[in-house]
Amino acid sequence: MIFVGEGALLRRAVTHAAGLGHPVDLVCSADPLDAVAAGAPHLAAADVNAHAGTLTRACTDGIVWSLNNKQIFREPLLRADGPRILNIHNGLLPRHRGLPSVAVLFALLQGDTEYGATAHEVDAGIDTGPVMAEHRFPIGPEDRYHQVMLRGVRACQALFERILPAVAAGSAHPVRAVTAEPSAYYGLRALDRLDTYRDHPAYPRATDLGPFAAHAPELTRALLRPSSAPEPGAAQPGGGSRHG
């Protein structure tokens, strides 16, 4: 299996899979240390699609995992005869599609009572592939942004570890289409709506980024910019990741 993504979530998944004896054929990330625990080859690729041939040849079991991944998979990796690509998304799909950093913010502002992680097959849409499994947890009335985000990261790790054996055995199948429930998408352009929430009673806790401020500079910029001043480039297409 191949792993694509970045950060601690990716590294923990690689370490866990290798520890259970699953083949880790390649790790695609910015940091070569992500592959060390598995003793696996490493590929630093700004566009993983440009290395589709390398991934296809390297993958011994036809499985590609996407964890904390900001890259968008395209053809030829998405061909019907290509590898099975599974994404662990920080958020409940389809309610929290797009950038998790933005989705958590609006989940709190809009009074969502649940958050979590979703495992889904990757297709050509934006977090629209069939859902394999979920890990849900409640959002309390006093929960703050950094608390929900941290629980979301932990839910992603727990969900990956839970479904890994079935995926490796070929017995994991979709439980529902992602379009079966109300959908919302949160990219950078959604941050232009923050002005309308500045007097909202949940605004202080929804914007309490805590330690995640360093990992979500797009939120920090949006929170600091003057009211009604759109962020440069925010209105441009492509304001979010498909596989976050």
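General remarks:
- Residue in the stretch 142-152 that is open to solvent by 60 Å² or more (accessible area, probe 1.4 Å), at pLDDT 95 or above, out of contact with any Gly (no Cβ under 9 Å at 6 or more places or on another chain) and more than 30 Å from Leu20 (Cβ to Cβ) present: yes
- Entry remark, the stretch 202-217: residues being part of a helix (DSSP H, G or I) and more than 18 Å from the chain's Cα centre (by Cα) number 6 in total.
- Taken together, Ala158, Ala172, Ala168 contain a single residue that is within 21 Å of Glu6 (Cβ to Cβ) and either assigned to a loop (DSSP other than H, G, I, E, B) or of a type outside the set (Phe, Trp, Tyr) (or both), which is Ala158.
- Output for the stretch 62-103, where each listed residue is β-branched (Val, Ile, Thr), more than 15 Å from Gly187 (Cα to Cα) and more than 10 Å from the chain's Cα centre (by Cα): Ile63, Val64, Ile85
- Once the stretch 59-72 is narrowed to residues that are surrounded by 15 or more Cβ atoms within 10 Å (Cβ to Cβ) and among the β-branched types (Val, Ile, Thr), the residue that is farthest from Leu99 (Cα to Cα) is Ile63.
- Residues in the stretch 34-47 that are open to solvent by less than 60 Å² (accessible area, probe 1.4 Å) and either aliphatic (A, V, I, L, M) or modelled with pLDDT under 95 (or both): Ala35, Ala38, Ala40, Leu43, Ala45.
Conditions (1) under 25 Å from His215 (Cβ atoms); (2) open to solvent by 40 Å² or more (accessible area, probe 1.4 Å); (3) in contact with a strand residue (DSSP E or B) (Cβ under 7 Å, 6 or more places away or on another chain); (4) assigned to a strand (DSSP E or B), marked per residue:
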{"residue": "Asn49", "(1), (2), (3), (4)": "yes, no, no, no"}
{"residue": "Arg57", "(1), (2), (3), (4)": "no, yes, no, no"}
{"residue": "Arg74", "(1), (2), (3), (4)": "no, yes, no, no"}
{"residue": "Arg79", "(1), (2), (3), (4)": "no, yes, no, no"}
{"residue": "Leu92", "(1), (2), (3), (4)": "yes, no, yes, no"}
{"residue": "Leu105", "(1), (2), (3), (4)": "yes, no, no, no"}
{"residue": "Asp123", "(1), (2), (3), (4)": "no, yes, no, no"}
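- The residue of the stretch 94-103 that is modelled with the lowest pLDDT, among those that are open to solvent by less than 10 Å² (accessible area, probe 1.4 Å) and either aliphatic (A, V, I, L, M) or assigned to a loop (DSSP other than H, G, I, E, B) (or both), is Pro94.
The values are calculated or read from the model by the stated rules, or taken from the named source; none is laboratory data. Just so it is clear, the model here is predicted, and its values are computed rather than measured. Here Cβ is always computed from backbone atoms with ideal geometry, including for glycine, and neighbour counts include all displayed protein chains. The area values use the complete protein model at the heavy-atom level, side chains included, leaving out ligands, DNA and RNA. Shrake-Rupley method; radii C 1.70, N 1.55, O 1.52, S 1.80 Å.
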